[in-house]
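K.L.:
Let me give you the structure first, and then I'll get to my questions.
Derivation of every value follows stated rules applied to the coordinates shown; laboratory data play no part. Fair warning: this is a prediction, and the values are worked out from it, not measured in the lab. Heads up, the Cβs are rebuilt from the backbone with ideal geometry, glycines too, and the neighbour counts pull from every protein chain shown.
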Protein chains: 2
Amino acid sequence: MRGLGLCSLLLDQGLEQPQAGAHAAITQARRPFEARELLFHQHESLDSLPVICDGWAASALRLSDGRRQILSFLLPGEMITTGLLFEQHLHFSIDAITPGCYRSFDRAQLRAAMFASPTMFDKIALAYNEEKHRADQLITDLGRRTSTERISRLLLDCWDRLEKLGLVEGNSAEFPLRQIHIADATGLTVAHVNKIIGQLREGGLIEISDRALQINDIAKLRRLTI
Amino acid sequence: MRGLGLCSLLLDQGLEQPQAGAHAAITQARRPFEARELLFHQHESLDSLPVICDGWAASALRLSDGRRQILSFLLPGEMITTGLLFEQHLHFSIDAITPGCYRSFDRAQLRAAMFASPTMFDKIALAYNEEKHRADQLITDLGRRTSTERISRLLLDCWDRLEKLGLVEGNSAEFPLRQIHIADATGLTVAHVNKIIGQLREGGLIEISDRALQINDIAKLRRLTI
DNA sequence: CGTAAAATTGAGCTGTCTCAATCAATGTGG
DNA sequence: CCACATTGATTGAGACAGCTCAATTTTACG
């Protein structure tokens, strides 16, 4: 999964040179994780920026009574959040969805690299803007869209991201999300998510099985999206 | 309103020197606006970063069928969004809530100033992080909190921000939001917002009248918040 | 093979919406 | 300074999207 997104950019920048001298410290060891593992807890203080190199994870906020809201899904190659460049504290938790691994990049060195390299700076600025844009879309989903619209949009959003990563083959792609993840991301209950997905399946739009998502009628699905 | 937030920082940095030479262009003229005016439309391309100097505004996303989701309220002294430092296109619209005015700061010059001044950089990074944090909280509100919780939190959030601006006097503050704004920010309908606010009033927690918000039992209100 | 996690389904229930009417406040032109 | 027009607040009756709870089946995995 080394070839993807920021992770590859960072590694390719010569920031990681296991054998060489000065730069060796910028990357902490590759840290593997299991499905359902809590990678970082809400309010954790971090001196480095973790990047998911392999596997899926989610950022989430938890209320004191246990309710959980997933803020975003983290796909292979994605940084947890660019916010950590400017702030020590995470304000959400990170839950692993599948097994995988992450690497952590030292904040100070990453900042230095960012100021030194325009390419790096732009890449990070872009990542920041995407984060914010995605958050604003989710706000709108939760505030003003129906359950069918929310779920369709979530599926299509994942689909488009997977496509960019080259992980879509034909009309199918690996898709490790459980219905509980979809529920916690869309502000619905599992029971209801199940019913809506059932309807989409009945309608011949999609098929989810064996950890794979298949979209049979993407045009129709997009139309459900408004 | 010159003394507040980023606006003052920018002006104080000598970025605006109406009489002087080189820097005079950094600020476009002060632009006054009316209540209910659309300041910027969704997807508008901007070469400058507007800062609300006076009055209240809101950023919002609109769906094709007219549904509106308010993403954030902009109080006096606040920049529309730091995202514009790195991207030309606004992805939401800005609606004025009260009469007021804004100033626009040239992007290129602002970026230069940011790189030149650590203070400025930190201030902007802080503004960015607050934006993102606020968005994540709103996502959680909309996805996982009840209508009473959402409304209480909105009121308290405004209250805390107003307090920082020194705009709270005793247990009361100017509060120009209409119920429709509260509805569009919390993902509810005006009718329902009205009922919940009625309950809060009955309970002796708050009073909203004459464009002013009065909080009579802030502890109890915070407890509704979870 | 046994156990835990995930998916599915059904029968109510309820929070919030829709629609519609009324009333209050604010602003505007004459 | 009044009459009208517009915007905003309030209220009620009925409807429904999505929830709760609970049972059952399927799938994954040590």
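K.L.:
So for the protein assembly as shown, Kirkwood radius off the Cα pairs, Stokes-Einstein at 20 °C and 1.002 mPa s: how many µm² s⁻¹?
P.N.:
Approximately 91 µm²/s, per Stokes-Einstein.
K.L.:
Something else: From the phi angles alone, apply the Karplus equation (6.51, -1.76, 1.60; θ = phi - 60°) to the range A:41-58 and give each ³J(HN,Hα) in whole Hz, x where the residue is Gly or Pro.
P.N.:
9, 3, 6, 4, 9, 10, 9, 9, 10, x, 10, 6, 8, 8, x, 10, 9, 9
K.L.:
Same structure again: Angle, helix B:107-116 long axis vs. longest principal axis of chain B, Cα atoms, 0 to 90°, nearest 10?
P.N.:
Helix B:107-116 sits at roughly 80 degrees to that axis.
K.L.:
Next up: What FRET efficiency, computed as 1/(1 + (r/R0)^6) with R0 = 45 Å and r the Cβ-Cβ distance, is obtained for A:E202 and A:R30, rounded to the nearest 0.05?
P.N.:
For A:E202 and A:R30, the calculated efficiency is 0.55.
K.L.:
Grab the other residues whose beta carbon is less than 10 angstrom from that of A:I226, score K and R as +1, D and E as -1, and report the net.
P.N.:
Local charge sum for A:I226: +4.
K.L.:
Additional query: Over the range A:139-226, calculate the relative contact order: mean separation of alpha carbon pairs under 8 Å at least 6 apart, over the residue count, as a percent.
P.N.:
Contact order relative to length: 34 percent.
K.L.:
How do A:Y128, B:Y102 rank when sorted from fewest to most other Cβ atoms within 10 Å of their own Cβ?
P.N.:
By the 10 Å Cβ count, ascending, the order reads A:Y128, B:Y102.
K.L.:
Stretched out fully, how many nm does the piece from B:L46 to B:V190 gain, at 0.36 nm a residue minus the Cα gap?
P.N.:
Net length gain for the segment: 48.6 nm.
K.L.:
Further question on the same structure: Using the number of other C-beta atoms within 10 angstrom as an exposure proxy, rank A:D54, B:D47 with the fewest first.
P.N.:
Lowest count first: B:D47, A:D54.
K.L.:
Here is a follow-up. Tell me, what HN-Hα J-couplings in whole Hz come from the Karplus equation 6.51 cos²θ - 1.76 cosθ + 1.60 at θ = phi - 60° for each residue of the range B:84-89, using x for Gly and Pro?
P.N.:
Calculated HN-Hα couplings, in order: 5, 5, 10, 8, 8, 9 Hz.
K.L.:
Relative to the longest principal axis of the C-alpha atoms of chain A, give the angle of the C-alpha long axis of helix A:190-202, reported between 0 and 90° and rounded to the nearest 10°.
P.N.:
Around 70 degrees separate the two axes.
K.L.:
Using Cα pairs under 8 angstrom and six or more residues apart, how large is the relative contact order of the range B:66-185, in percent?
P.N.:
Averaging sequence separation for qualifying contacts and normalising by length gives 37 percent for the range B:66-185.
K.L.:
Please rank B:D160, A:D141, A:D157, fewest neighbouring Cβ atoms within 10 Å first, as an exposure proxy.
P.N.:
Result, fewest neighbours first: B:D160, A:D157, A:D141.
K.L.:
Using +1 at the C-beta of Lys and Arg and -1 at the C-beta of Asp and Glu, which of A:H192, B:A112, A:S104 has the Cα lying farthest in the positive direction of the dipole of the protein assembly as shown?
P.N.:
The residue sitting farthest along the positive end of the dipole is A:H192.
K.L.:
Related question: Rg to Rh ratio, the range A:73-119, alpha-carbon atoms and Kirkwood radius?
P.N.:
My calculation of the ratio gives 0.99.
K.L.:
Given N residues in the range B:107-206, what is its alpha carbon radius of gyration divided by 2.2 N^0.38 Å?
P.N.:
With N residues counted in the range B:107-206, Rg over 2.2 N^0.38 Å equals 1.37.
K.L.:
Cα atoms only, chain B: Rg and Dmax in Å?
P.N.:
So, for chain B, Rg and Dmax equal 18.3, 59 Å respectively.
K.L.:
Over chain A, how many pairs of lysines fall under 29 Å by alpha carbon, counting only those 8 or more apart in sequence or from different chains?
P.N.:
Final tally of qualifying lysine pairs is 6.
K.L.:
At q = 0.19 Å⁻¹, what is the base-10 log of I(q)/I(0) for the range B:17-145 according to the Debye formula with one equal point scatterer per Cα and no solvent? Please give it to two decimals.
P.N.:
Log10 I(q)/I(0), no solvent term: -1.18.
K.L.:
About the Cα centre of chain A, what is the dipole size in debye to 20, counting +1 per Lys and Arg Cβ and -1 per Asp and Glu Cβ, all else neutral?
P.N.:
440 debye
K.L.:
Which whole-Hz ³J(HN,Hα) couplings does the range A:138-151 yield from phi under the Karplus relation 6.51 cos²θ - 1.76 cosθ + 1.60, θ = phi - 60°, glycine and proline marked x?
P.N.:
Once rounded to whole Hz, the list reads 5, 4, 5, 4, 6, x, 9, 10, 6, 4, 5, 4, 4, 5.
K.L.:
Taking a point 7 Å out from Cα toward Cβ as the label site, list the nm distances between A:S45 and the same residue in every other copy, smallest first.
P.N.:
In ascending order, 4.6 nm.
K.L.:
Treating only the Cβ of Lys, Arg, Asp and Glu as charged (+1, +1, -1, -1), what charge dipole size does the range A:79-203 show about its Cα centre? Round to the nearest 20 debye.
P.N.:
140 debye
K.L.:
Under the definition of Cα pairs under 8 Å and six or more residues apart, what whole-number percent is the relative contact order of chain A?
P.N.:
Relative contact order here is 19 percent.
K.L.:
What spacing in nm lies between the two simple spin-label points modelled at B:K220 and B:E169, each 7 Å away from Cα in the Cβ direction?
P.N.:
2.6 nm
K.L.:
Would you grab the residues whose amide H sits under 5 Å from the one on A:T98? Only those 5+ places off in sequence or on another chain, please, with H modelled 1.01 Å from N.
P.N.:
Those qualifying (amide H under 5 Å, at least 5 residues apart or on another chain) are A:R36, A:W56.
K.L.:
What size of dipole, in debye to the nearest 20, comes out for the protein assembly as shown about its Cα centre when the only charges are +1 on Lys and Arg C-beta atoms and -1 on Asp and Glu C-beta atoms?
P.N.:
Using Cβ point charges on Lys, Arg, Asp and Glu, the protein assembly as shown gives about 720 debye.
K.L.:
What is the sum of charges, Lys and Arg at +1 and Asp and Glu at -1, for the other residues whose Cβ falls under 13 Å from the Cβ of B:E207?
P.N.:
Residues close to B:E207 contribute a combined charge of -1.
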